Amino acid sequence: MINKISLFLLLSILFFSCQEEIDEYYYEGTEASVDTDILTLLKEKPEYSEFVSLLEQFRVDTLLEQGKIFTFFVPNNSAMETMENGTLGDKELVEYLITESYVNLNQIVGQNKIQTQGGKFALIQQVGGASYTFDGIAIVNGGPLTNNGRYYEIAKVAEPKPSLYQYIAATNDFYRSYLDSRDSIYLDKELSTPIGYTNDGLTIYDTVLTTVNLFEEFYFPVSEEFRDYKATMLLFTQEQYDNALEIVANALNIPLGNIPGIWQNEVLMPYLLEQSVFRNSLPYSAFSKGRAKNILGDSVDVNPQNITFESFECSNGRAYNFIDFQVPEFLYKVNDSIAMSSLLYNKGSDLWGWNDDVTVTGQTFNPLRVANANSIFGSTLLIDMGKSFNGNFSFAYTHKNIFPATYKLTIRANVSKTGIYNIYVNGKHYPVDINDGKGPQYDFDFFNLRSGVVSPVTNKYYPFENNFCKFDILVDNITEFGDVEVKLDYVKPSQRNSNNCGLNIDFISLEYLNNGN
């Protein structure tokens, strides 16, 4: 007990000694001016005239009419004159030097973040018994207490750091436009008032619409300010992006202006974001192993040698720049393999239905997703038509965002269910040539896969194994960017296997062939 009392007395003596030191350092010769306000005091001191002019220029001085308490961090005229060119005239700068709260330095031990008038956070730090800094800049004097707060003089101008959004906007017009384009408007039911019901019983609202940015909802709110929440982004400049697109255009042998915006927004950027947005302010060493966990929680490849060692510190995160930014070839030289079983959704109790983006015509069958150990994707799409089916049936699906070029379409099937089919790509009827001496066949019998196939595109032999085989065709009618529709149209039963009409397909792939070369 005696030891605890002694310790308490010692800490009390140290605190009040430090308090006297702070008061003597910052407030010597000042008196409380409760009958006046901060702005009046600043106007009385000619050494702050430049700062006062900025307050009046941007009408920040009107804040003092709101009856609230403020603390100003004021640079003198000499400090204002040594600022970098172009900083003056920035309202955000002025608002960064004001906080809507009363800051008493002798109550700060260690460090404390304060939110400034512009929303950004500044750091006040104790660097000695009676010495403090504002964002690392020495606080050299303290003004008297007034009826609406007080001011402190800082040794030079403290400039606010840009947010990640502001940094991106200053370095890359396309990236900024992409972020802006993610804005979406939705009905805010919490703010909207129910005013009635439709004939179907649906609620009618006195609508209040809210705008939300889908990028910021999914990845990180790059335009917002936080006390502790930050992100790290790997970024590229506008020049780097333009050069990378030029490489893409040359590889595809198309004009640079013909690279569609939908591909950039819906294919390229989502991929890049998954590889380049991370939680917290990461040091360079976080990428040294070549793998890092992105902000979505997925582990992604990162080449540390292609990232600048030095980062740019933003108010809500950290930005590194790519040294050599390029678009991965697989994003535009497509090899799109689609498991046919993925065209189905589970309706429950092992019942399956076609996805909404699949077009089915003719006879209605119950499609099945069947597990198969010999399937490349683990399961196949099975259509069981029974015996000697002579009706109509077709289904069509799409490969998304395909550039114009020559492609190889490959189909891998199981011959437990067969039939004669026609194959269409973007409406063009393509024959199948399996080098059986009969030449290209528009009406192709899937049962013929039992003999193995020689590819007419690559001259490679595809064997019949485990009841599976595949064949391919050269597709030459994809002349515009967009979705490519593939349709399989049933014609009639197989002559050699009419008892098992139907279809059992593993996958269909569309592979870029470098314009046929």
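Where does the charge balance sit around D506 when Lys and Arg score +1, Asp and Glu -1, over other residues with C-beta under 14 Å from its C-beta? Before the final figure, lay out each step's value.
Values: positive: R369, R412, K417, K470; negative: E465, D472.
The answer is +2.
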Those lysines that a straight Cα-Cα span of less than 30 Å connects to K91, excepting residues fewer than 8 apart in one chain
K43, K45, K68, K113, K120, K156, K161, K230
Placed amide H near M385: partners under 5 Å, 5+ positions off or other chain
C501, G502, L503
Mean residue ellipticity at 222 nm from the helices of the chain, using -39,500 (n - 2.57) per DSSP H segment of n ≥ 4 over the full residue count, to the nearest 500 deg cm²/dmol?
-5500 deg cm²/dmol
Per-residue accessible area for H429 at 1.4 Å probe radius, Å² rounded to 10?
50 Å²
Arrange the residues R496, R150, R291 by how much accessible surface each exposes, largest first, with a 1.4 angstrom probe.
R496, R291, R150
If each of S184 and Q495 carries a label point 7 Å out from its Cα toward its Cβ, how far apart are those two points in nm?
5.4 nm
Can you give the angle from 0 to 90° between the axis of helix 238-252 and the longest principal axis of the chain, with both taken from C-alpha atoms, to the nearest 10?
10 degrees
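Would you mind counting up the charge near L63? Only other residues with Cβ under 14 Å from its Cβ, with Lys and Arg at +1 and Asp and Glu at -1.
Values: positive: R59, K68, K91; negative: D37, E56, D61, E65, E95, E100.
Around L63, the surrounding residues sum to -3.
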What is the count of Lys pairs in region 387-517 whose alpha carbons sit under 12 Å apart, if the two are 8 or more places apart or on different chains?
4
Roll a 1.4 angstrom probe over the protein heavy atoms and tell me the percent of accessible area of the chain that is carbon or sulfur.
47 percent
Which residue, P194, G136, A249, has the largest displacement toward the positive end of the dipole of the chain when charges sit on each Cβ (Lys, Arg +1; Asp, Glu -1)?
A249
Calculated FRET efficiency, T237 and S53, Cβ-Cβ r, R0 45 Å, to nearest 0.05?
0.80
From the backbone phi of region 256-264, what are the Karplus-calculated ³J(HN,Hα) couplings (6.51 cos²θ - 1.76 cosθ + 1.60, θ = phi - 60°) in whole Hz, Gly and Pro given as x?
4, x, 8, 6, x, x, 4, 5, 4
Given charges at beta-carbon only (K, R positive; D, E negative), |dipole| of the chain in Debye:
2880 debye
Give me a comma-separated list of calculated 3J(HN,Hα) values for region 434-439, in order, Karplus coefficients 6.51, -1.76, 1.60 applied at θ = phi - 60°, integers in Hz, x for any Gly or Pro.
9, 6, 9, x, 9, x
Quick one: length gained pulling A286 to K438 fully straight, 0.36 nm per residue minus the C-alpha distance?
48.6 nm
In whole percent, what relative contact order does region 77-142 give with Cα contacts below 8 Å and a gap of six or more residues?
20 percent
Using θ = phi - 60° and Karplus 6.51 cos²θ - 1.76 cosθ + 1.60, couplings along region 313-318 (whole Hz; Gly, Pro as x)
7, 10, 5, 10, x, 9
I'd like the orientation of helix 2-27 relative to the chain: the angle between its Cα long axis and the longest Cα principal axis, in ° from 0 to 90, rounded to 10.
80 degrees
Which of Q107, S78, V60 sits closest to the plus end of the dipole of region 51-146, meaning its Cα is farthest towards the positive end, when Lys and Arg get +1 and Asp and Glu get -1 on the C-beta?
Q107
Among [x] 38, 27, 23; [y] 42, 27, 22; [z] 69, 25, 23, only one was calculated for this model; which label is it, if the read-out is semi-axes √(5λ) of the Cα gyration tensor in Å?
[z]
Relative contact order as a percentage, the chain, C-alpha pairs under 8 Å and 6+ apart, gives 11 percent
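Just to verify a number: FRET efficiency for A373 and L474, C-beta to C-beta distance, R0 = 41 Å, to 0.05?
Efficiency computed from Cβ-Cβ geometry: 0.85.
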Along the charge dipole of region 398-517, pointing to its positive end and built from +1/-1 on Cβ of Lys, Arg, Asp and Glu, which listed residue (G427, Y407, P493) has its Cα farthest out?
P493
For region 270-324, what relative contact order do you get, as a whole percent, if you take Cα pairs closer than 8 Å and at least 6 residues apart?
28 percent
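The values are calculated or read from the model by the stated rules, or taken from the named source; none is laboratory data. No experiment lies behind these values; they were computed from the predicted model shown. Here Cβ is always computed from backbone atoms with ideal geometry, including for glycine, and neighbour counts include all displayed protein chains. Just the protein is used for accessible areas: all its heavy atoms, side chains included, with ligands, DNA and RNA removed. Shrake-Rupley method; radii C 1.70, N 1.55, O 1.52, S 1.80 Å.
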